[in-house]
1. What distance in nm lies between label points placed 7 Å from Cα along the C-beta direction at residue 454 and residue 99?
2. Taking K and R as +1 and D and E as -1, what net charge do the other residues with C-beta under 10 Å from the C-beta of residue 238 add up to?
3. When you count, for each residue, the other Cβ atoms within 10 Å and take the mean per peptide, how do 483-492, 414-423 rank with the highest first?
4. Output ³J(HN,Hα) for the stretch 54-71: one whole-Hz value per residue in order, computed from phi by the Karplus curve 6.51 cos²θ - 1.76 cosθ + 1.60 with θ = phi - 60°, and x for Gly and Pro.
5. Can you give the accessible area per residue of the stretch 591-649, in Å², using a 1.4 Å probe?
6. Quantify, in whole percent, the carbon and sulfur part of the accessible surface of the stretch 591-649 (1.4 Å probe; protein heavy atoms only).
7. Once ligands and nucleic acids are excluded and a 1.4 Å probe is used, how much of residue 356 is accessible, expressed in Å² to the nearest 10?
8. How much length, in nm to one decimal, is gained on full extension between residue 611 and residue 416, taken as 0.36 nm per residue of separation minus their Cα-Cα distance?
Amino acid sequence: DGVVGSEKVKSNNLNVKVPTLELEAKEKGTEEEPPRESDINLLDVSSDYPRDKHISIQRHLADLEKLADLREDEKKPCPLCPEEKFKACYGHKLHRHLQNLHWKVSVEFEGYRMCICHLSCHPVKPNLAGDQALSKVGAHYHCIVCSATITRRTDMIGHVNRHVNKGETEARFVPVRAPKSSYEVVKESATDVQVLPNHSTPQKTDSYFNPKMKLNRQLIFCALAVLAGERKPIECLDAFGATGIMGLQWAKHLRSSVKVTINDCNENSVTMIKENCHLNKMKVKLNIKEEDNDKTTGDGEENTDTIEVTKMDANVIMHLRSFDFIHLDPFGTSVNYLDSAFRNVRNLGIVSLTATDISSLYAKAQHVALRHYGCNIVRTEYYKELAARIVIAAVTRAAARCNKGIEVLLAVALEHFVLVVVRVLRGPSPADDSAKKIRYLIHCQWCEERVFQKEGSMLEENPYQQLPCDCHGSMPGKTAVLLGPLWSGALFNSGFLRRMLLEAVQYGLDEAQPLLKTLVCEAECTTSKHFSTHGSGEENKQEECGVYIKTQSISAESNLVPGKQKSQEELRGVAKRQRGEHSAEHPPFYYNIHRHSIKGMNMPKLNKFLNYLWEAGYRVSRTHFDPMGVRTNAPLAQFKTVLMKYSTPTYTGGQAEGPVHLPAEVQLAGEVPAAAELQEEEAELAEDDKSGAAAAAFTQSCPGRCAAD
């Protein structure tokens, strides 16, 4: 095929190896036609040229011309084309051929040029016969790293870039890791890790490291720190280690409270995890096989700074061993690993998973969501919360298959990922209770009102009547769609989130603190104005301890920690006073204030609008899913009424800012002047050629006039 030193040359129909060409030519003499001079020169062009590279890979054009042995008085064939394609010619013509056809369209890599080759080393598909096959197919490139033959130049460039991202060098068929000088050292949360230059490109490097996921890693660390405060030591698993940054942070900060296991199925990643452990002065315990041949690297016995590194498939290690804390962060969806995760996780343990297949979860690829999660979804204003409920529904079904229930502690959906943290409750009763919370969602496509379908086995004649809106009666045709099945329960546990916030403050995780404060307010459905970190800390601690050991059929008061019985009556009284505010689950979904704004009206500020809803008697809070979203238990009609009431008309005459101050009788009736009527009256004033000051004065007196009318 023209491969130097190892393969055979077929350009002259000789079935012999290249190193024996010259020897056999001397022995046979004139019995056979001697091989071409270009084939003899295939062995070496220069002394520094590696012997395992193809002849089409050269450093300079002069080296390629040496292969052809250009002479003005003698015709020479092209060394990269068969005689049927390019006949022998004189030197000046052959020089133009090599320069324009082979060298000009080459692919450059570390000083070498991979020129296009027309020899018969690339397999020809039997779709053409005879001379057409030789003239139509056969052009290809030879990879300098793995000796693969690739037809298109753009594909060859991408192929070489993948080798560069993986750190593979010039060794043939054997991937060699990049030298240490090409590594970058990244520091995050007092932890150093070595990464490759293109570490942020998934599926193209073994050491994938995404700096944008720092917030995700901090949230997972806080959840593990809370669990480590309950019981010590706990066994935790990072099933997809990559660089090992997450497991190293666990072991470095929590130390004796955790026993960390970092797993990855890629050999290069496992090697890098070991190097990063030594970089952070951690000892490595190797456990490649399940036999009793464990080996600990380093001096002395195993101590608290030891990390176990395994090279297994994630499903295998979760089937073989039990853990208290499991984190899943594969590339894309994690539904393939849920059954294994819930099979051996211990009771009251925590399973966290990060889903990065946001194109399907955010309803951009709806067919993929149906295939992976079995959910029918459409793009809505609350698509991020919809994605979180889709993932939790898949987690619930996987846990129920193992006779386990779940309690959702945290659900976060941001730009790049969806993070779900759940606590495992072992037993068929919790599994049944969790499975009952998976329901379908009825979504109105006209006004975007939504409601979960009621429980029951009886079929309704018109299930869309469950919607609070009347679009199904006033609009023709089908006005609503059925989405799901989705998780219909709570997305947050306020007590657990408060303890996570305390851990974030203790370890100085600045990026996670604002988000955790927002999540606490969202879980309790209150505004930041009424948020307090220390107001009811002791009461929340007792409630949280009850949450840890209870099932969904047992009350919190009967599961308080022993030794606290003398304060039970006091706690029960506080619970009664705050039952409507803290005991009830937060309202599902949220409304975007911009999406429901009124045309021609200026909306109030978001924080002021939250106060208006709260004063109207509704539970209200902001949401991390949408910076302009409002989570409230108010129906959409009441939401729009309050928004209309405190919106101001848009005028160019200098309308004063603030809400429209209406008379008492108008406020009780809930009537406000319509924007269209105000615009008509202003147009009439413009026709009468009234001055701008008079128009402004009329505008300010519009509410009183409308009320009097």
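1. It is 8.6 nm.
2. Values: positive: none; negative: 264, 329.
Neighbourhood net charge equals -2.
3. Details: 483-492: 22.0, 414-423: 20.3.
Ranking the peptides 483-492, 414-423 by packing returns 483-492, 414-423.
4. Result, rounded to whole Hz: 6, 5, 7, 9, 9, 8, 10, 5, 5, 5, 5, 6, 5, 4, 7, 6, 4, 9.
5. On the way: 2700 Å² over 59 residues.
Result: 46 Å² of accessible area for each residue.
6. The C+S portion of the solvent-accessible surface of the stretch 591-649 is 51 percent.
7. Around 50 Å² of this residue is reachable by solvent.
8. On the way: separation 195, 0.36 × 195 = 70.20 nm, distance 3.15 nm.
Between residue 611 and residue 416, full extension yields an extra 67.1 nm.
The values are calculated or read from the model by the stated rules, or taken from the named source; none is laboratory data. Only a predicted model underlies this, so the values are computations on that prediction, with no experimental measurement involved. Backbone-built Cβ (ideal geometry, glycine too); neighbour counts: all protein chains shown. These accessible areas exclude ligands, DNA and RNA; they are computed on the full protein's heavy atoms, side chains included. Shrake-Rupley method; radii C 1.70, N 1.55, O 1.52, S 1.80 Å.
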